[in-house]
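Beneath this line is the structure, given in structure tokens, with notes to follow.
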Amino acid sequence: MSTQRRSYFDWNATAPLRAEARAAMQAALAATGNASSVHAEGRAARALIEQARTDVAALVGAEAKTVIFTAGGTEANALALTPQIEAGADKALRGGLLVSAVEHPSVLAGGRFERVEIVPVDPQGRVDLVQLQKKVEEIARPLVSVMLANNETGVIQPIREVAAIVHAAGGLLHVDAVQGAGRVACDMAALGADLMTMSAHKIGGPQGAGALVRRADLHFPAPLIRGGGQERNYRAGTENVAAIAGFGAAAKAALAGREVAAARMAALRDRIEAGLRAESPDVVIFGAGAERLPNTISFSKPGMKAETAIIAFDLNGIAVSSGSACSSGKVQPSHVLAAMGVDPALAGGAIRLSLGWDTTEDDAGNVLNAWRKVASALSKGRGIAA
Ligand code: PLP
């Protein structure tokens, strides 16, 4: 096994905690106070939450009061996907839920809808706008959920076009921006999103914190979690002040550093992709023909098995994940690659490399060195070892 320092290429699974988030969390943990209490300690906790609300809202160009803090992206998606969304005086239920075929499982699960209608994607993983148009016309007052960027491939969806189609049909658009926020421009109004999901741990905040941001006139009459009146009655339960403070600090740092980080990541991503292909011309990079996040590479090679490749990378000091869902440590076939029409055998070898704001040139060199070993073992038909 190599003695080089480990290189982390799994930022889409979770990012390291930013120093700013750690400091904000430590300060919040050192204080006592329930944000609902009226005394000075309670007001201090409330102030931390409201500062975080302002900073999280700024990342998506929204008003602070429209942010509902949750225990993560999964819960924010579950809260968003309900037939009961009121817009001003309009209180009628949403007629059905339409989601793209490449959504995260927490969206595919359909929230509080009984049925989920799927909109297909093209071979690059972009939502099929012709099919979307057809399906929104079939459902009265649809709620549509399309992600900003895919967690497996990094493919960015044409959200503005989707929003125009959905709104023309009298629908509402929820955008899961968990992977896009902090990496690409993510202004809710500019994108045309009515609801947007964020997760703290993908932008350098803690795991277990997230937010649903709503258009200011949208109201959820039936909260997912009932109890006290926290979060303006949208989400009951004593707020996790430290996690929310960490989320806010991470959002502020992500916004301030976004453009520089994106340019750096894109340059390293391009170098890595060129290196993968130089070593193995038969490498296939999924979604390469679409606009993608600057940090994500999903690739495969004929004959490669994701499980063995992950272990070989790991033994060479590189943390990668499979391009497929791997929620319980067991690689499952990827519904994303299947929806893109990728051959199942090729999809079974898919590896995801995801970069972050402090991925270095050395890390890029390390992953390419490891790839040289993995690919040469494969071409010699030896299976893959470290
Ligand atoms: N949506 C997308 C696109 C994701 O990638 C993830 C997490 O991987 C989630 C939602 C869920 O977020 P959380 O881990 O905060 O529950």
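We did not get these values from a lab; they are worked out from the coordinates using the rules stated. Every value quoted in this text rests on a predicted model; they were computed, and no experiment measured them. Don't worry about glycine lacking a Cβ; one is built from the backbone with ideal geometry, like all the others, and counts go over all protein chains shown.
Okay, here's what the table says:
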quantity: Contact order normalised by residue count of the chain, Cα under 8 Å, 6+ apart, percent; calculated: 22 percent
quantity: Angle between the chain longest axis and helix 40-59 axis [Cα atoms, degrees, rounded to 10]; calculated: 60 degrees
quantity: Cα lying deepest toward the dipole's positive end in the chain, options V56, P333, S321, charges on Cβ; calculated: S321
quantity: FRET efficiency, R112 to A27 (Cβ-Cβ, R0 56 Å, nearest 0.05); calculated: 0.95
quantity: Estimated 222 nm signal from helices in the chain, with DSSP H stretches of n ≥ 4 weighted -39500 (n - 2.57), rounded to 500; calculated: -11500 deg cm²/dmol
quantity: Cα centroid separation, the range 239-285 to the range 115-147 (Å); calculated: 28 Å
quantity: Check: the chain dipole with +1 on Lys, Arg Cβ and -1 on Asp, Glu Cβ, in debye; calculated: 520 debye
quantity: Förster-model FRET efficiency, 30 Å R0, A64 and E259, C-beta, rounded to 0.05; calculated: 0.85
quantity: Contour excess over end-to-end distance, with Cα ends at T238 and E361 and 0.36 nm allotted per residue; calculated: 40.0 nm
quantity: Tilt relative to the chain, helix 361-379 - C-alpha long axis, 0 to 90 degrees, to 10; calculated: 50 degrees
quantity: Exposure proxy ranking, count of Cβ atoms within 10 Å, fewest first, for S106, S100; calculated: S106, S100
quantity: Estimated distance in nm for a label pair at S379 and L93, the labels positioned 7 Å out from Cα along Cα-to-Cβ; calculated: 6.0 nm
quantity: Efficiency of FRET from Cβ geometry, R277 and I225, R₀ 45 Å, rounded to 0.05; calculated: 0.40
quantity: Point-to-point label distance, A190-D128, nm (Cα→Cβ direction, 7 Å offset); calculated: 3.1 nm
quantity: Cα-Cα P(r), the chain, percent of pairs per 20 Å interval; calculated: 29, 55, 16, 0
quantity: Ranked K134, K301, criterion: other C-beta atoms within 10 Å, fewest first; calculated: K134, K301
quantity: Taking R18, R160 and counting other C-beta atoms within 10 Å, the order from fewest to most; calculated: R160, R18
quantity: Cβ charges +1 (Lys, Arg) and -1 (Asp, Glu), total dipole of the range 64-184, debye; calculated: 260 debye
quantity: Crossing angle, helix 241-279 versus the chain [Cα axis fit, 0-90 degrees, rounded to tens]; calculated: 20 degrees
